[in-house]
Amino acid sequence: MENISLAKIVALAKRRGFIYPGSELYGGVANTYDYGPVGAELLRNIKNLWWEAFVHRREDIVGLEASLISHQEIWKASGHVGGFADALVDCRNCKLRMRADHLLEDFIETLQAELRENPPKTEKISSEELLMALKTAKVEGWSEEKMDEFINVFKIGCPNCSENKGDKWTAVRKFNLLFPVHMGIVEGDQSLAYLRGETAQGMFVNFKNVLESNRVKLPFGIAQLGKSFRNEITPGNSVFRTLEFEQGEIEFFFDPEESDWEELYETWKKDMWEFVTKTIGIKDENLRWRTHSDEERSFYSKRTEDLEYRFPFGFKELWGLAYRTDYDLSQHEKGASKDLKVVDSQTGKKVLPHVIEPAVGINRIFLMALSDAYVEEEGRTVLKLSPKIAPFKAAVFPLLANKPELMQKAREIYKDLSQNYYINFDARGNIGKRYLAQDEIGTPYCITVDFDTLEDDAVTVRDRDTMEQQRIKISELRNFLAQKLV
Ligand SMILES: [Zn+2]
């Protein structure tokens with residue numbers, strides 16, 4: 001897949017109805033996307049599998065579905081109102097707006113060797129910091145002033161125009177990512193709420209509710225799947241980073257005196273890896289773990305690692321795993337002036353639980369699945385999706401649409417299999433066209449009813465990946481699919 005460009009994947013996604021640009025009919029809204037018929041299926045399959053793996057098959061995790069509109073105080077206590085911001089710069093020549101950290105990091109990645117060995121002198125950035133940035137191409141946590149200084153001393157030009165050779169940028173400034181909403185007709189601060197910037201806060205603010213209304217005890221997790229909203233300046237890359245996106249987050253609560261956090265952490269790493277490789281069917285060689293450096297990690301986190309996938313635009317974060325200590329619950333204890341500690345009914349011991357948080361972007365799993373499955377081979381493009389996530393599990397065709405006997409038989413098979421699987425029925429065009437279409441949406445099996453069927457009650461089943469065909473009795477079809485689609 002090394003040579004597959006994002007542009008090809010995006011073109012197929014549009015052509016076959018996986019993803020469309022948002023509000024396209026009216027000229028579009030940047031960085032929003034709509035999921036078409038097969039895209040909606042793929043997305044739903046991913047979400048269902050995630051929920052099954054981490055809620056239904058776990059005794060120690062329960063689900064939650066919190067409101068998207070939430071109290072402004074939640075986001076003050078969580079630190080998002082104060083600190084959840086991107087640093088931006090604008091090119092005064094071509095009006096390009098960019099995240100300042102991305103401008104710096106992209107520049108560092110393309111930095112010539114001599115600049116790296118002999119960086120210009122600067123007083124505002126310490127030499128250790130400069131060295132670290134040049135080595136890791138990361139400037140997370142840098143102040144606006146430091147970023148300004150870096151742009152000036154390295155004379156970073158605009159990636160969009162040749163006029164700005166590093167001297168036509170506005171000053172770097174912070175821009176809060178939360179989407180404010182104003183409720184009702186009351187003007188001003190009273191009516192202010194926020195669309196949630198992450199699903200995690202829903203678990204923290206409902207921690208006591210869940211604890212008191214369910215038979216759970218530490219250690220246990222609360223999981224949530226749902227939309228979050230961030231008013232980000234994004235570099236594109238299709239659905240990798242968008243203004244609204246779907247998260248799958250788990251807050252796993254434990255007593256640090258009773259559970260060994262490092263052991264829990266390692267177990268989570270295994271579970272995440274297994275979900276991505278076994279359930280979603282991603283190739284191991286396209287995955288890696290990356291540990292956050294001390295500078296990059298939030299001050300309250302003792303360890304953060306990202307499971308990264310090799311997207312067509314490089315290794316990028318898919319799934320973060322952070323040990324967040326008791327930071328979040330203690331922030332809400334202060335913010336709401338409420339006691340959120342757990343009391344052990346036997347010993348009377350009180351503890352404010354610590355938390356390990358696996359947080360994944362569902363839309364990133366979606367893009368990863370398309371990227372990993374995309375194959376171009378002799379005369380065809382095929383999505384070799386795991387059957388578990390494929391939009392359709394099989395397609396049923398009558399060899400010819402204008403033969404009522406074939407049509408009727410195909411309809412019968414379609415109706416029968418549809419009781420258990422999502423099946424596509426296609427009678428348009430010729431058989432070659434139908435195979436082409438099914439290959440491009442990743443349908444694992446194509447079942448064709450032909451004239452022999454009327455004699456022998458068997459059909460031709462074609463395998464998507466090998467293109468091999470075999471005759472299977474209609475009465476055996478269900479067994480066949482049940483075995484293949486486990
Ligand atoms: Zn420019």
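No value in this document is a laboratory result; all are computed from the given coordinates. Keep in mind the model is a prediction, meaning the values are calculated, not measured. Note: ideal-geometry Cβ built from the backbone for every residue, glycine included; neighbour counts use all protein chains shown.
What whole number of Å gives the distance from the Cα centroid of region 194-268 to the Cα centroid of region 280-296?
19 Å
Between ARG44 and MET407, what is the FRET efficiency for a Förster distance of 30 Å, r being their Cβ-Cβ separation, to the nearest 0.05?
Details: r = 30 Å, r/R0 = 0.99.
Efficiency, rounded to the nearest 0.05: 0.50.
Return, ordered by residue number, the residues of region 376-407 whose backbone nitrogen is under 15 Å from a label point located 7 Å along Cα→Cβ of ARG15.
Counting only backbone N, you get 376-384.
Please go through the residue pairs LYS208/LYS270; LYS138/LYS302; LYS269/LYS393 and name each one whose alpha carbons sit more than 24 Å apart in this structure.
Details: LYS208/LYS270 29 Å; LYS138/LYS302 19 Å; LYS269/LYS393 30 Å.
Violating the 24 Å limit, Cα to Cα: LYS208/LYS270; LYS269/LYS393.
What percent do you get for the relative contact order of the chain when only Cα pairs under 8 Å and 6+ apart count?
The value is 14 percent.
Give the separation of the Cα centroids, region 350-389 to region 1-71, in Å.
Between the Cα centres of region 350-389 and region 1-71 lies a distance of 10 Å.
For region 392-484, what does the relative contact order come out to in percent, with C-alpha contacts under 8 Å and a separation of six or more?
Numbers: 145 pairs, mean separation 26.6, N = 93.
Reported relative contact order: 29 percent.
Calculate the spin-label point distance for SER418 paired with TYR300, positioning each point 7 Å from the Cα along the beta-carbon direction, and give it in nanometres.
5.1 nm
What is the angle, in °, between the Cα long axis of helix 6-15 and the longest principal axis of the Cα atoms in the chain? Nearest 10 is fine, range 0 to 90.
Around 50 degrees separate the two axes.
Along Cα→Cβ, 7 Å out, is where each label goes; now give me the distance between the ones at PHE425 and SER345 in nm to one decimal.
5.5 nm
Are there cysteines in the chain with no other Cys C-beta under 4.7 Å, and if so, which?
Lone cysteines by the Cβ rule: CYS446.
How many angstrom lie between the Cα centre of region 119-193 and the Cα centre of region 459-479?
That distance is 57 Å.
Using only alpha carbon pairs under 8 Å that are at least six residues apart, calculate the relative contact order of region 288-399 and give it in whole percent.
Numbers: 139 pairs, mean separation 20.1, N = 112.
The value is 18 percent.
Please give me, ordered by residue number, the chymotrypsin sites (Phe, Trp or Tyr not before Pro) of region 123-224 that lie in loop per DSSP and have at most 12 other Cβ atoms within 10 Å.
Values: sites: TRP142, PHE150, PHE154, TRP169, PHE175, TYR194, PHE204, PHE207, PHE220; in loops: TRP142.
Of the chymotrypsin sites (Phe, Trp or Tyr not before Pro), not one in the loops of region 123-224 has a Cβ with at most 12 other Cβ atoms within 10 Å.
How high is the FRET efficiency from GLU52 to ILE185, r the C-beta distance, R0 51 Å, rounded to 0.05?
Numbers: r = 44 Å, r/R0 = 0.86.
Result of the calculation: an efficiency of 0.70.
Which angle between 0 and 90 degrees, to the nearest 10, do you get for helix 261-274 versus the longest principal axis of the chain when only C-alpha atoms count?
30 degrees
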